[in-house]
Amino acid sequence: MKILGIDYGEKRIGLAVSDESQTLARELDILAPKDFFKELPSIIADNQISQIVLGWPLNMEGKMTEKTKEVESFKLEIQGLTFIPVEVFDERLSSSMTKNLPGGHEKKDSLAAQIILQNYLNKNKHNPNDMNSIQISQKQISDNSDPPAKAY
């Protein structure tokens, strides 16, 4: 299943989606807030979404702001509509990072969602409680072991 990344804004909502392995994020769309809740059910169905990651706007000191409270309300609306787990993830500097990317000005909202989601995926890639991560780690260990010493 895939994860939907969301960068909330008062004028535009940027969307990104992960691949099936939850390794890579790609930008998906930019929606007007008035269209978001109408289109969300089909976005979830069409992309086989099992989880949502929502950008969490904190100030540079890591403290909540008025925008954080607004995003909290938005999160509750999503949860009430979808019944899909919604996790928040620090979005600091994601919008400013889009300026350095091709198409960053026109697509900054979906690119910001992609950055938020990719950072989330990277942080959660090797969760020790995830059996797939444990199996990968054990395989990596066996692949990286020294070959047996030659007998002379």
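FYI, it's all coordinate maths here, none of it is from the lab. What you see is a predicted model; the values in this text were computed from it and never measured. So basically every Cβ, Gly included, is an ideal-geometry build from the backbone, and we count neighbours across all protein chains shown.
Remark: spin-label model distance THR82-ASP19 equals 2.2 nm, labels positioned 7 Å along the Cα→Cβ axis.
Residue exposure proxy: THR68, THR23, ordered by other Cβ atoms within 10 angstrom of their Cβ from fewest to most, comes out as THR23, THR68. Taking the fewest neighbouring Cβ atoms within 10 Å as the starting point, the ordered list for ASP90, ASP7 is ASP90, ASP7.
The Cβ shell under 10 Å around GLU10 holds other residues with a net charge of +2, Lys and Arg each +1, Asp and Glu each -1.
Extending 7 Å from the Cα toward the beta-carbon at both ASN122 and LEU58 defines two label points whose distance is 1.7 nm. Compared with the alpha-carbon gap, the fully stretched path from PHE37 to SER50 is longer by 3.0 nm at 0.36 nm per residue.
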